[in-house]
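Just below is one structure, and these are the notes that go with it.
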Amino acid sequence: MSKFPFDIVLFDLDGTLVDSARDLCPAVNHALGTIGRDGVSETATRNMIGGGTDMMLTRALEATGGLVDEATYKELSGALLEFYWDNIANNTVPYPGCLGALDQLAARGCKLAVVTNKSEKPARELLDALEMTDRFAAIYGGDTLGRERAKPKPDILQAAIADCGGGRAAMVGDSTYDVRAGKAANLPVVTCRYGYHDVPVHELGGDVMIDHFDELVGVLEDL
């Protein structure tokens, strides 16, 4: 077997590794309900994920009547996070083929890392609950280096690569945040057609797109 072309593969979390809208949507709707707002659909929530919890809540407020004052927003954010942490893995699951693809990459000598705009604490809690944490050599959240250094900046990608010992790396994600961060770090980017897209899927702008995790290893071999 020829040497695999990548030493490190970086993954976004929500909408890439796991289908977490199943638990994020109820959390958003719980927060909206505290101020008498109607909820948003799970389908709509999928298009609000990508920029972290604050971005998701802001988009939900805009979709249900408009933004609120700072004090109310802070209360809503707290309600959302409390509900989500209490129910973080009730319905969330890895996407079909995800674990198998991670195993294949590890067997080829790849170090794996998570680079998400989700805060590090809930990201780790979710991975722990799904028994996935030990698969990753590094886990960076959107607040790990400070929110001003989250994706689409390349900082958490570069930090994760350094933690993994350096080498040729690729980014796998589902949003423009992932694509822009990957490009800023000079990495090839694989996008996921099944994920949570903040723009129409054909506008994501990655190097190659997959429909299913079963395609990932072969796509990386061809990059």
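The values are calculated or read from the model by the stated rules, or taken from the named source; none is laboratory data. Because the structure is a prediction, the values reported are computed rather than measured. No Cβ is skipped: glycine too gets one built from the backbone with ideal geometry, and neighbour counts run over all protein chains shown.
Here is the figure for region 2-22: residues that are in a loop (DSSP other than H, G, I, E, B) and farther than 12 Å from VAL172 by Cα total 7.
Screening the candidates GLY52, GLY78, GLY66 for the property of being small (Gly, Ala, Ser), under 27 Å from ARG37 (Cα atoms) and under 13 Å from the mean Cα position of the chain (by Cα) yields one hit, GLY52. Taking the numbered list (1) in contact with a helix residue (DSSP H, G or I) (Cβ under 6 Å, 6 or more places away or on another chain); (2) crowded, with 19+ Cβ neighbours inside 10 Å; (3) more than 19 Å from HIS212 (Cβ to Cβ) in turn, GLY52 passes all entries but (1). Just one of (1) closer than 20 Å to ARG46 by Cβ; (2) free of Cβ contacts under 8 Å to residues at least 60 places away in the same chain; (3) of a type in the set (Ser, Thr, Tyr) fails for TYR140. It is (1). When region 188-201 is limited to residues that are buried (at least 24 other Cβ atoms within 10 Å of the Cβ) and touching a residue at least 24 places away in the same chain (Cβ under 8 Å), the one that is nearest to THR43 (Cα to Cα) turns out to be GLY195.
This table checks each residue for (1) modelled with pLDDT under 95; (2) loosely packed, with under 15 Cβ neighbours inside 10 Å; (3) closer than 22 Å to GLY142 by Cβ.
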{"residue": "LEU61", "(1), (2), (3)": "no, no, yes"}
{"residue": "GLY65", "(1), (2), (3)": "no, yes, no"}
{"residue": "LYS74", "(1), (2), (3)": "no, yes, yes"}
{"residue": "TYR95", "(1), (2), (3)": "no, no, yes"}
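Checking the stated criteria, VAL208 turns out to be touching a helix residue (DSSP H, G or I) at 6+ places or on another chain (Cβ under 6 Å), surrounded by fewer than 19 Cβ atoms within 10 Å (Cβ to Cβ) and more than 17 Å from GLY50 (Cα to Cα). With respect to the conditions (1) at pLDDT 95 or above; (2) in contact with a Lys or Arg (Cβ under 6 Å, 6 or more places away or on another chain); (3) buried (at least 18 other Cβ atoms within 10 Å of the Cβ), ALA169 lacks only one, and its number is (2).
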